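These notes are about the structure you will find just below.
None of the figures in this text is laboratory data; all of them are computed from the coordinates on show. This is a predicted model, so every value here is computed, not measured. Neighbour counts run over all protein chains shown; Cβ positions are idealised from the backbone, glycine included.
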């Protein structure tokens, strides 16, 4: 038996551990987390991992993210005329503080909308970034994972995520 109230910090999602209950839990079905990468990269895919639902009670499995969006912080895209969904930098900010390399004109660009398939045999699921975006947005170092829904629980649990620069094989 384990305590399902998470006292684990959000950084736990950067580890590739899927032991039941070893996750970052937050209240509600929606939320977001920002990640500053150690270097600028061309992001080609994103992965989301959750403990296998057959190994836990259904009430815990329902805490898995369902629909999500991955956003990347990027300077203004004034010269690009493509159907790219963006949000102002203030959309995800919790304070007025901006680091010295970010201006108020930066914006978040939608890299991928996805859905974690709780019924899949694969608990580590990959989502590719469209190639036209990887060609335009080739030097990214800040992403935001926005959880849009979970599988019906009053709280959400994220086990691990990955931001990848290599194409999937």
### Query
Could you give the nm distance between label points at residue 22 and residue 113, where each point is 7 Å from its Cα heading toward the beta carbon?
3.5
### Task
Take residue 8, project a point 7 Å from its Cα along the Cβ direction, then tell me which residues of region 141-160 have their backbone nitrogen under 14 Å from it.
156-160
### Message
What number does the chain give for Rg over Rh if you use C-alpha atoms and the Kirkwood radius?
### Response
0.98
### Estimated FRET transfer efficiency (residue 94, residue 35; beta-carbon r; R0 22 Å; 0.05)
0.90
